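Asks: Submitted below is the structure of interest, expressed as structure tokens.
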Amino acid sequence: MKFAYGSAAYVLVIIATAALALGQSSKKTAENDEAGTIAVMDHIWLNAAHNRDPGTMEWLFAKDFVEIHPGGEIVDKKEQIDQIRDPSRQIKEIHPDDIDVRYISSDVAMLLDTTTIRGLSGGVDYNGTYKVIRVFVKEQGRWKAAGAGIAPIKP
Amino acid sequence: MKGFQLTALAAILMFAPLAFAQTQPNSSAEEETLKKFDHNWLDAEKRLDIAYCEKNFADSYVLVFPNGQVYTKKQWLDILRGPDHPVITFLDPEDIKVHLHGNVAILTDHTTLKGHDSKGNSMDGEFNVFRVVIKKDGNWQAAGVVMNALAAKK
């Protein structure tokens, strides 16, 4: 009888542990899936900049979007999209590497990437690599870009 | 009976907005909290208050210097607590703008820094700074910083 109780307790512990492990692993998988989505959003963002696609930026950026450019210029959503539309600005190449999703929750994500840019803007040469923090927020079930801070990597 | 029902209805109508206000924090009050957080954060770094930073920096904290150098929370706090820590005599954020998105806020500010590194090299400068603050378990925590040096005024 004592053995039967012992076995039952043993089985319960195994079931509880397995359920816990399963729960943790499914949570981890969900986080990995979300992190993958955020990495894709990073590429969509920079592709839109490269392709001069204000429609995608309008869709992607949150209403209160803010970005600090290299040199310290602070722009809001409208100003950033207007710059993308500006024909005097040329982006020959822009892409992210080393995307590191530093923080992710159900409604907030923050990543760090290395962005390579080749281009001219207002006569200023933007060729180089940059360290960038990008922030995403989930609004009505959809991830949106909330902002970015960009600093040039100096040799 | 009718009087009781009317009193109950009046009480519900009176307390409902109060309960709603408590669940929806006033955004301007939250903005003030975040501006104060920015000041407290820089004050703590200036006086090398590692305990404050340990408590109020998220584990995911990352700091990007104007030259693109990146530090994690551990790397940055190891510098502040180490023998080669910088000496900061003035560190003040001005013109703080709060962009609040629920559980994350992006702050932009103009920070003035005066001080020197452990070798005596000047660190004086003016910076436009991008700060990420996340709300976790009801508390705001510093999660990210990108500093951009502004050209010296002529």
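Asks: If you take the beta carbon distance between B:His116 and A:Asp86 as r and set R0 to 25 Å, what does 1/(1 + (r/R0)^6) give as a FRET efficiency, to the nearest 0.05?
Replies: Once rounded, the FRET efficiency stands at 0.05.
Asks: Here's a follow-up. Using only the alpha-carbon atoms of the range B:30-131 as identical scatterers, what base-10 log of I(q)/I(0) does the Debye formula give at q = 0.11, 0.15, 0.20 Å⁻¹?
Replies: Relative scattering, expressed as log10 I(q)/I(0), comes to -0.33, -0.64, -1.18.
Asks: Roughly speaking, what is the stretch gain from B:Ile79 to B:Asp137, that is 0.36 nm per residue apart minus the C-alpha to C-alpha distance, in nm to one decimal?
Replies: 18.1 nm
Asks: Near B:His101, within a Cβ-to-Cβ distance under 12 Å, what is the net charge of the other residues, with Lys and Arg +1 and Asp and Glu -1?
Replies: My count for the surroundings of B:His101 gives 0.
Asks: In peptide B:96-108, what is the residue-averaged number of other protein chain Cβ atoms found within 10 Å of each Cβ?
Replies: 6
Asks: What's the ranking of B:116-126, B:139-149 by average number of surrounding C-beta atoms within 10 Å, highest first?
Replies: Averaged packing, sorted descending, gives the order B:139-149, B:116-126.
Asks: Moving to a separate point now. Averaged over every viewing direction, what's the projected area of the C-alpha convex hull for the range A:95-155? Give it in nm², one decimal, please.
Replies: 5.0
Asks: Using all alpha carbons of the range A:33-106, what is the percent of pairwise distances in each 5 Å bin, ordered from the shortest bin to the longest?
Replies: Final binned percentages: 3, 14, 21, 26, 22, 10, 3, 1.
Asks: Shifting gears a bit: Around B:Phe90, what is the net charge, scoring Lys/Arg as +1 and Asp/Glu as -1 over all other residues with Cβ under 10 Å from its Cβ?
Replies: Net of charged neighbours comes to 0.
Asks: Now a separate question. Can you pull the mean other chain C-beta count within 10 Å for peptide B:139-145?
Replies: Mean inter-chain Cβ contacts per residue within 10 Å come to 3.
Asks: What do you get when you divide the Cα radius of gyration of the range A:67-107 by 2.2 N^0.38 Å, with N the number of residues?
Replies: Dividing the Cα radius of gyration by 2.2 N^0.38 Å gives 1.55.
Asks: What is the projected area of the convex hull of the Cα atoms of the range A:27-155, averaged over all directions, in nm²?
Replies: Hull-based average projected area comes out at 7.7 nm².
Asks: Rank by packing, highest mean first: peptides B:92-103, A:80-91, A:105-116, with packing defined as the count of other Cβ atoms within 10 Å averaged across residues.
Replies: A:105-116, B:92-103, A:80-91
Only the coordinates and a few stated rules stand behind these numbers; no lab work does. Given the structure is predicted, the values throughout are model-derived calculations rather than measurements. FYI the Cβ positions are ideal-geometry reconstructions off the backbone, even for glycines, and counts take in every protein chain you see.
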